[in-house]
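Chemist: Just dropping this structure here.
The values are calculated or read from the model by the stated rules, or taken from the named source; none is laboratory data. Since this is a predicted model, take the numbers as computed values, not measurements. Cβ: placed from backbone, ideal geometry, glycine included. Neighbour counts: every protein chain shown.
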Amino acid sequence: MTRACLSLLAGMYALQLSSFANASGYLSVAFVVALLLLFAGRWWLLICFCAGLAWFFIAAHELISARLPAAFEGDSLVVEIVVADFPSTDRATVSFLAHPVDDARLPSRFRLSWFEPPVTLQHGDRWRLEVRLRRPRGTRNPGTFDYEGWLFRESIAATGYVVGGHRNHLLRPPLAGPIGQLRHRFVRRVSALVEDREQAAVLIALVVGTPHLLSAEQWQRYAATGTSHLMAISGLHIGLAAGGAYALTLLIAGLLSGRARQRNHLRGAIVCSALVALTYAAIAGFAVPARRAGLMVLLAAFALLAGRRPNLPAILCAAALAIAVSDPLATMTPGFILSFAAVALLVWVGRRGAGPATLQLMLLCGLFPLVAVLFDQISFAALPVNLLAVPLFGFVTVPLSLLGFLFDGPVQPLGDQALLLAAHSIALLEKGLALFDQLRWASFAVPALAGAACLYIAVPALWAILPPGWPGRPVAWIGLVAVLLYQPGRPAFGCALVEILDVGQGLAVVVRTRHRTLLYDTGPAYRSGSSAAVSVLLPYLAHRGVRELDRLVVSHADLDHAGGVGAILETIPVRRILAGEPLAGLSVLPCRAGQNWSYDGIEFRILYPPLQVAARGNDSSCVLLLQAGEHRILLSGDIEATAERELVAMQTLPGVAAVIVPHHGSRTSSTPPFVQALRPTLAIVSSAYGNHWGFPKPDVVQRWQSVGAEVMNTATSGAIELRLCAASGLELIRRYRHDNRRIWHE
């Protein structure tokens, strides 16, 4: 069974890691081959591999086909929906999953945001809403979160927002089922009982599996200290519940009937423990780790009831097959990958009789490759923190939380006291996490590994996997040091790598030379209080191994260009800042024509605004020219017709190899004289997919094409990486959306 399970999963992951198009003929061939081999009765492992490939493709194709029809994108639609889960709130914006009510136009599951809703939304509410939807879409950049992939694995076939106005009406209060009512009651009860919002959020996540109240700061703290797994209902929680039910059933049965029917007592305790495990998983919403743990408890119970000793590897494989076959998209989730990998590792090393500290160290090393690939981050605080946190959660927090949940009705006062004690244990944990989170070594961002260096992240797992005494085990520590010391490659002297990032409706350009890094603009800020700097820029810089910025150039103060300045300055050292307009609360050097500097053979020169021009919105934008030998790239910010005319009149505007099209392709810019003066071979627009301004305008695109330029747009290309060298000129390295496409990407 183990080999069949691994082969089926390998087929599923082969498709997830490939760049096959949705309608690729190779997938149909794999399905036919699997059927032929099945009838032939040979090569079972190959059959399982092809079956996994085909089964995931069928599930993926079904979801992709169910996405919002393109004809409805951007239209105002009045729909009836049911709120399908607990809404999450980020400042004044509420996000929630919705199911349409008898509406064939819409997919069965989509995600909405609502800015300042008039009432508090609840799980199960039925609303008539005016919404605007679009097909699932996210930005595409190296080293950043794949939002499109997350929407896909969550089976979300459209996203959008609620249009505020008189058309929005609450049709009826929540009508959840029995489990839904239990979850609702517990959420309300804890929210009213526990004053500290963070402690209440953790209690709710532990018992009913809804992390909607956990803040972004909490998640960041848990990720940095390697304790995120404690916030998800997993094998630890399910196992404690099942074990507690087993012991309690034996105790009660023994007190009531003595020892005469001890065998029946054991069987009853096994049944009760399995039922409690499945009930807990159901209350938690059947998240993947909870499903895995519940299935394993159920299978172990069947084995014990049949008088057999549970075979843990076979049970683990059976649970993996059950989830993968019933829900192929679940195999994409980190919860599936890490949950099964961690249990497999514990089963493997558990035979050696290792103590708790050694087991934690083996988990850290054994899961190192997966964690590094999935999260681009390793927590070195995870070992000491989990040695304290796991016993605290296992023997105090979780049992008290479950007792608090069970003690309801007439005995609610006892349950409330248990919940308050659990909240105090969470407060103790939070204090410890805060101390570790302040340490610089607590977490390490893993940079992009290339070529043979990719093997570095796999080497630490050898220490956990290989038996004691094997000669290859000490190599694990060499691999760990190699990852810590690794620096991604930089361009040669006289060359620059220029990456125009996909930040939606805004601009952010990173220029890396042999030893220096410059950032031009920081992308937009959002109403939620976050920014593209948090979601795109900072992860990208960590991915490239950039630990400081030599220069930050902010073209002007508009939020789509300067929205991430604060987040950048809080997170990464910046040696010097230039800006076209004053930035609130910051001391910056104003951009003025004539400023110039050189990094590693690359010349940088500010062309605009001139000294005598005062700040004036878009036309105050810093216009920056990069030059390598006779080859140039122009970064133009949001300059409009007036500034373009002045630049042309000053006769300092040279021809360029590439240009960042001014003002995202608006008609206020890209005037014919400006376009004629530059005559680039490549014109790049930075704009959002489906933006309501319609940027870039078709006539602007045609104007650049008329001078021989190829027009690219980050909305359709993702991040665009260029190499500019004095010797070889301009080279297009990649368009991230095209070159790193997966089956779920538009």
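Chemist: On the given criteria, is GLY138 in contact with a Phe, Trp or Tyr (Cβ under 9 Å, 6 or more places away or on another chain) and either at pLDDT below 95 or crowded, with 18+ Cβ neighbours inside 10 Å (or both)? Talk me through it step by step, then tell me what you get.
Modeler: Numbers: in contact with a Phe, Trp or Tyr (Cβ under 9 Å, 6 or more places away or on another chain): yes; either at pLDDT below 95 or crowded, with 18+ Cβ neighbours inside 10 Å (or both): yes.
For GLY138, the condition - in contact with a Phe, Trp or Tyr (Cβ under 9 Å, 6 or more places away or on another chain) and either at pLDDT below 95 or crowded, with 18+ Cβ neighbours inside 10 Å (or both) - is met.
Chemist: Which members of region 684-702 meet the condition of being within 19 Å of ILE633 (Cα to Cα) and surrounded by fewer than 22 Cβ atoms within 10 Å (Cβ to Cβ)?
Modeler: Result: VAL701, single match.
Chemist: If you take the residues in region 493-517 that are over 26 Å from the mean Cα position of the chain (by Cα) and within 13 Å of LEU549 (Cβ to Cβ), which one is surrounded by the fewest Cβ atoms within 10 Å (Cβ to Cβ)?
Modeler: HIS515
Chemist: Sort out which residues of region 221-232 are touching a residue at least 40 places away in the same chain (Cβ under 8 Å) and part of a helix (DSSP H, G or I), and write them in order of number. First the steps, then the outcome.
Modeler: Residues of region 221-232 that are touching a residue at least 40 places away in the same chain (Cβ under 8 Å), as a first pass: 221-227, 229-230, 232.
Selection gives ARG221, TYR222, ALA223, ALA224, THR225, HIS229, LEU230.
Chemist: So, in region 180-209, how many residues would count as being surrounded by fewer than 18 Cβ atoms within 10 Å (Cβ to Cβ) and assigned to a loop (DSSP other than H, G, I, E, B)?
Modeler: Of the residues in region 180-209, 2 are surrounded by fewer than 18 Cβ atoms within 10 Å (Cβ to Cβ) and assigned to a loop (DSSP other than H, G, I, E, B).
Chemist: Just give me the residues in region 312-331 being of a type outside the set (Gly, Ala, Ser) and within 16 Å of ALA342 (Cα to Cα), in sequence order.
Modeler: Taking region 312-331 as the starting set, the residues that turn out to be of a type outside the set (Gly, Ala, Ser) are 312-313, 315-317, 321, 323, 325, 327-329, 331.
The answer is LEU312, PRO313, ILE315, LEU316, CYS317, THR331.
Chemist: While we're looking at this one, here's another question. Please determine, by comparing only the residues of region 716-746 that are of a type in the set (Val, Ile, Thr) and surrounded by 15 or more Cβ atoms within 10 Å (Cβ to Cβ), which one is farthest from LEU635 (Cα to Cα). Don't jump to the end; show me each part of the working.
Modeler: Quick first cut of region 716-746, residues of a type in the set (Val, Ile, Thr) only: 716, 720, 733, 743.
Still in the running and surrounded by 15 or more Cβ atoms within 10 Å (Cβ to Cβ): 716, 720, 743.
On the way: THR716: 20, ILE720: 14, ILE743: 33 Å.
Selected residue: ILE743.
Chemist: Related question: Looking at LYS431 and the list (1) assigned by TED's automatic domain parsing to the domain that holds ALA727; (2) of a type in the set (D, E, K, R); (3) free of Cβ contacts under 8 Å to residues at least 40 places away in the same chain, which single condition is not satisfied?
Modeler: Just one mismatch for LYS431, condition (1).
Chemist: Check LEU361, LEU370 and return the single one that is part of a helix (DSSP H, G or I) and under 25 Å from the mean Cα position of the chain (by Cα). Before the answer, list the steps.
Modeler: Values: LEU361 fails: under 25 Å from the mean Cα position of the chain (by Cα).
Testing whether each residue is part of a helix (DSSP H, G or I) and under 25 Å from the mean Cα position of the chain (by Cα) leaves just LEU370.
Chemist: Do we find that ALA104 is part of a loop (DSSP other than H, G, I, E, B) and modelled with pLDDT of 95 or more in this structure? Write out each step before concluding.
Modeler: On the way: part of a loop (DSSP other than H, G, I, E, B): yes; modelled with pLDDT of 95 or more: no.
No.
Chemist: Considering only residues of region 260-319 that are surrounded by fewer than 22 Cβ atoms within 10 Å (Cβ to Cβ) and among the polar types (S, T, N, Q), which is nearest to the chain's Cα centre (by Cα)?
Modeler: It comes out as THR279.
Chemist: Somewhere in region 55-68, is a residue part of a strand (DSSP E or B) and in contact (Cβ under 8 Å) with a residue 24 or more places away in the chain? Steps first, please.
Modeler: The initial filter retains those residues of region 55-68 that are part of a strand (DSSP E or B), namely none.
Within region 55-68, none of the residues are part of a strand (DSSP E or B) and in contact (Cβ under 8 Å) with a residue 24 or more places away in the chain.
Chemist: Here's something else I'd like to know. Could you please find all residues in region 69-101 being among the small types (Gly, Ala, Ser) and not in a helix (DSSP H, G or I)?
Modeler: Step one: list which residues in region 69-101 are among the small types (Gly, Ala, Ser), which gives 70-71, 74, 76, 84, 88, 92, 95, 98.
The answer is GLY74, SER76, ALA84, SER88, ALA92, SER95, ALA98.
Chemist: Between ARG645, ARG632, which is of a type in the set (Lys, Arg) and either buried (at least 24 other Cβ atoms within 10 Å of the Cβ) or touching a Leu at 6+ places or on another chain (Cβ under 7 Å) (or both)?
Modeler: Numbers: ARG645 fails: either buried (at least 24 other Cβ atoms within 10 Å of the Cβ) or touching a Leu at 6+ places or on another chain (Cβ under 7 Å) (or both).
Just a single option satisfies the conditions, and that option is ARG632.
Chemist: Given the conditions (1) surrounded by fewer than 17 Cβ atoms within 10 Å (Cβ to Cβ); (2) among the aliphatic types (A, V, I, L, M); (3) within 13 Å of HIS229 (Cβ to Cβ), and given that LEU414 satisfies all but one, which numbered condition is not satisfied?
Modeler: It fails just one condition, (3).
Chemist: Please note which strands (runs of 3 or more DSSP E) are completely contained in region 656-724 and include at least 1 residues that are among the hydrophobic types (A, V, I, L, M, F, W, C) and closer than 27 Å to ALA70 by Cα. Lay out the reasoning, then the answer.
Modeler: Numbers: elements: 658-660, 682-685, 710-713.
Qualifying strands (runs of 3 or more DSSP E): 682-685, 710-713.
Chemist: Just checking, which of LEU653, LEU624 is surrounded by fewer than 23 Cβ atoms within 10 Å (Cβ to Cβ), among the aliphatic types (A, V, I, L, M) and not in a helix (DSSP H, G or I)?
Modeler: Numbers: LEU624 fails: surrounded by fewer than 23 Cβ atoms within 10 Å (Cβ to Cβ).
Matching residue, one of LEU653, LEU624: LEU653.
Chemist: A further question on this structure: Which members of region 429-455 meet the condition of being farther than 25 Å from THR358 by Cβ, in contact with an Asp or Glu (Cβ under 9 Å, 6 or more places away or on another chain) and not in a loop (DSSP other than H, G, I, E, B)?
Modeler: Hits for region 429-455 are GLU430, ALA445.
Chemist: Determine whether region 572-584 contains at least one residue that is in contact (Cβ under 8 Å) with a residue 40 or more places away in the chain, among the β-branched types (Val, Ile, Thr), assigned to a strand (DSSP E or B) and crowded, with 18+ Cβ neighbours inside 10 Å.
Modeler: Looking for residues that are in contact (Cβ under 8 Å) with a residue 40 or more places away in the chain, among the β-branched types (Val, Ile, Thr), assigned to a strand (DSSP E or B) and crowded, with 18+ Cβ neighbours inside 10 Å, one finds none in region 572-584, hence no.
Chemist: Ok, one more. Mind listing whichever residues of region 90-103 are buried (at least 16 other Cβ atoms within 10 Å of the Cβ) and closer than 17 Å to GLU116 by Cβ?
Modeler: Across region 90-103, the qualifying residues are THR93, VAL94, SER95, PHE96.
Chemist: Which of the residues that make up region 617-641 are out of contact with any helix residue (DSSP H, G or I) (no Cβ under 9 Å at 6 or more places or on another chain) and either within 22 Å of ARG667 (Cα to Cα) or outside the structural domain of THR513 (by TED's automatic domain parsing) (or both)?
Modeler: Within region 617-641, GLY617, CYS622, LEU624, ILE633, LEU635 qualify.
Chemist: When you go through (1) farther than 26 Å from LEU449 by Cβ; (2) assigned to a strand (DSSP E or B); (3) touching a helix residue (DSSP H, G or I) at 6+ places or on another chain (Cβ under 8 Å); (4) not aromatic (Phe, Trp, Tyr) one by one for SER598, which number turns out not to apply?
Modeler: (3)
Chemist: So, in region 521-537, of the ones that are crowded, with 24+ Cβ neighbours inside 10 Å and at positive phi, which residue ends up farthest from the chain's Cα centre (by Cα)?
Modeler: ASP521
Here is a yes/no grid of residues against (1) closer than 25 Å to GLY523 by Cα; (2) under 30 Å from the mean Cα position of the chain (by Cα):
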site: ALA641; (1), (2): yes, no
site: ALA649; (1), (2): no, no
site: ILE660; (1), (2): yes, yes
site: PRO672; (1), (2): no, no
site: SER728; (1), (2): no, no
site: HIS738; (1), (2): yes, yes
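Chemist: If THR120 satisfies all but one of (1) modelled with pLDDT under 90; (2) over 21 Å from THR93 (Cβ atoms); (3) of a type in the set (Ser, Thr, Tyr), what's the number of the condition it fails?
Modeler: So the condition that THR120 fails would be (2).
Chemist: Now for a separate question. Taking region 705-743 on its own, how many of its residues are among the β-branched types (Val, Ile, Thr) and closer than 21 Å to ALA688 by Cα?
Modeler: First pass over region 705-743, keeping only residues among the β-branched types (Val, Ile, Thr): 707, 711, 714, 716, 720, 733, 743.
Filter again for closer than 21 Å to ALA688 by Cα, leaving 711, 714, 716, 720.
Matching residues across region 705-743 total 4.
Chemist: Give all pairs with beta carbons closer than 6 Å in which a residue from region 394-416 that is closer than 15 Å to ALA205 by Cα and in contact (Cβ under 8 Å) with a residue 60 or more places away in the chain meets a residue that is of a type in the set (S, T, N, Q) and in a helix (DSSP H, G or I); count only pairs at least 6 apart in sequence or on separate chains.
Modeler: THR397/SER425
Chemist: Residue by residue through region 456-481, note down the ones that are within 12 Å of ALA372 (Cβ to Cβ) and assigned to a helix (DSSP H, G or I).
Modeler: Within region 456-481, TYR456, ILE457, ALA461, GLY479, LEU480 qualify.
Chemist: In region 107-152, what residues are among the acidic types (Asp, Glu) and in a loop (DSSP other than H, G, I, E, B)?
Modeler: Quick first cut of region 107-152, residues among the acidic types (Asp, Glu) only: 116, 125, 130, 146, 148.
Residues satisfying the conditions are GLU116, ASP125, ASP146.
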